[in-house]
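Structure first, commentary second.
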Amino acid sequence: MIENLNEQDARRFKELELLEKAGIEVYPYEFNKTHNAKFILENFKDEKPEELSNVSVAGRISAIRRMGKASFFHIADQSGKIQIYMKKDDLPDFYEHTKLLDIGDIIGVEGFVFRTKTGEITIHSRKVSLLAKCLRTLPVVKEEIDEQGNRIVYDAFSDKELRYRRRYVDLIVNPEIKQTFIKRSKIISYIRKFFDERGWLEVDTPILQTIYGGATARPFITHLNALDIRLYLRIAVELYLKRLIVGGFEGVYEIGRNFRNEGMDRTHNPEFTMLELYVPYKDYNWMMDLTEELVSKVAYEVNDTYDVEFNGKLISLKPPFKRMRMFDLFKQYTGYDLKGKSREELLEIADQLHVEVAPDASSMKILDEIFGAKVEEHLIQPTFVVDYPLEMSPLAKKHRSEPGLVERFELFVNGSELANAFSELNDPRDQRQRLEEQARIRAAGDEEAMVLDEDFLYALETGMPPTAGLGIGIDRLVMLLTGEESIRDVILFPMMRPEKGK
């Protein structure tokens, strides 16, 4: 037995020994489950009980009420909870062992459905099988349903850090948490359907890369022993998807993990899920319309409404979304016209605005910091911020009519970036100059600046058609559509600082 167990856990390990000594198979190989709790509760008819006269269910024990020669249990599966009735006379070989069952144990039950005198739909057990013994005491969460049908929870398992570390316990004792992740799955499924219906191909590109690119971020570094080379975990999939456009695909997308060795906060996790889409012969105006359609439709698909209540604010995702030029927003919320300003002028303005930036920060970094500190918080309703300065967008095509700008938009909702898109830069000469400038910025001390990728430039020199590209942060989209305020609440196993001593 494991050392230093508390009294409750030690008792559970002792029960396991007693069950095995009695010849009970504690960890069997299978169980034939035919129904779930929700189906039975929704389909039982008092006038036709024979329709559910032979059911087989399985789940985790959530409540026990022993009454001598009869006992009532509640078990929970993914669909909900249902009451189980066990009678000694019906279970001569098992009933005496029910005293060794605990909350958290997983059991299988075969029997028929009936309604008790108190009106609760219940399964009368003909056979009970122990499927797994819970050896760790679960947090006790008490609940009741008031006269209005509202669920009231007492002694909730609410320690956020412990819930993230032991998500499996969180899912057991706070079953409503499952709904967030079920909705997350539906969001991703709908996005795939939306793209697949348009004939675009889902692809997989390398996570381990010899040169990282496609975003301004610091990478995670690893080593490949077989080739004795340094590798990086990807920070974006952009450059590989563009290679596929060069190769002749007319629409490719990827939904997968990216990894950025950056800070952690309410909207950032070191590994996160991104969607990127590239469609040739289109530009950022077309992509803006598509993004608006996608976000609004996925919202309605999973919530049956365009409205989202988030931290006390009602946000409408019904199109059309507002569209604002970036420098107009700078002027509106800072009072300064930042267009065409030198790095030194931007540094001085940042200081006057009390925006903290490093003294050696590039113009790109200064503008980004000012925007984050002074503008983003005002973008609550969905807003496309369009036409960015060239220095902030090394992979975007120059604006066709505005010198110094590029054809780029970002979609902001609730003060946070949700999507980023370009008319993609496909002139290899211009792209080389931009990446060389990034290399100079990197050499000056900005570790997040891009590195020069010669193979990507070779691909562009092979010829890439006019292309529109889009990136959407899936985690942030899920946060928005579920009303969760932290990215950790929409990632099943978020990054956590190791516990002391472990």
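Observations
- Modelled label reach - Lys297, point 7 Å along Cα→Cβ, the stretch 198-217 residues with backbone N closer than 20 Å: 198-203
- For the pair Lys69 and Arg115, a Förster radius of 22 Å applied to the C-beta separation gives a FRET efficiency near 0.55, rounded to the nearest 0.05.
- For the pair His268 and Lys183 in one chain, pulling the backbone fully straight at 0.36 nm per residue adds 28.6 nm over the alpha carbon distance.
- Options Ile491, Pro320, Ala226, ranked by Cα towards positive dipole end of the chain, top entry (Cβ charges): Ile491
- Net charge dipole size for the stretch 252-411 [Lys, Arg +1 and Asp, Glu -1 on Cβ; Debye, nearest 20]: 400
- Amide hydrogen neighbours beyond the local backbone of Val406, cut-off 5 Å, H modeled: Tyr388, Leu390, His399
- Point-to-point label distance, Glu51-Glu402, nm (Cα→Cβ direction, 7 Å offset): 6.2
- Expected 222 nm ellipticity per residue - DSSP helices of 4 or more, -39500 (n - 2.57), all of the chain, to 500: -9000 deg cm²/dmol
- Stretchable slack from Arg11 to Lys318, in nm (0.36 nm times residue separation minus alpha-carbon distance): 104.9 nm
- Rounded to the nearest 20 debye, the dipole size of the chain about its Cα centre is 1360 debye, using +1 on the Cβ of Lys and Arg and -1 on the Cβ of Asp and Glu.
- Alpha-carbon centroids, the stretch 54-89 and the stretch 444-481: separation in whole Å: 54
- FRET efficiency for the Glu20 to Ala444 pair, using the beta carbon distance and R₀ = 56 Å, is estimated at 0.25.
- Assigned charges on the beta-carbon of Lys, Arg, Asp, Glu; the stretch 7-138 dipole about Cα centre (debye): 360
- Cβ-derived FRET efficiency at R0 45 Å, Thr137 paired with Val451, nearest 0.05: 0.30
- Full-stretch length increase - Tyr29, Asp337 - with 0.36 nm per residue and alpha-carbon distance subtracted: 103.9 nm
- Cross-link partners for Lys183 among the lysines, with Cα-Cα distance under 24 Å and sequence neighbours closer than 8 places in the same chain left out: Lys38, Lys81, Lys160, Lys193, Lys297, Lys313, Lys318.
- The Cβ shell under 11 Å around Gly404 holds other residues with a net charge of 0, Lys and Arg each +1, Asp and Glu each -1.
- Using every pair of distinct Cα positions in the stretch 7-138, the Kirkwood expression returns a hydrodynamic radius of 15.1 angstrom.
- Among Phe412, Tyr333, Ala58 the positive-end extreme of the charge dipole of the chain (Cβ point charges): Ala58
- Label point 7 Å beyond Cα of Arg198 along Cβ direction - residues of the stretch 294-338 with amide nitrogen under 14 Å: 294-298
Read the figures in this text as sums done on the coordinates, not as results from a lab. Small disclaimer: the values here were computed from a predicted structure and weren't measured. Don't worry about glycine lacking a Cβ; one is built from the backbone with ideal geometry, like all the others, and counts go over all protein chains shown.
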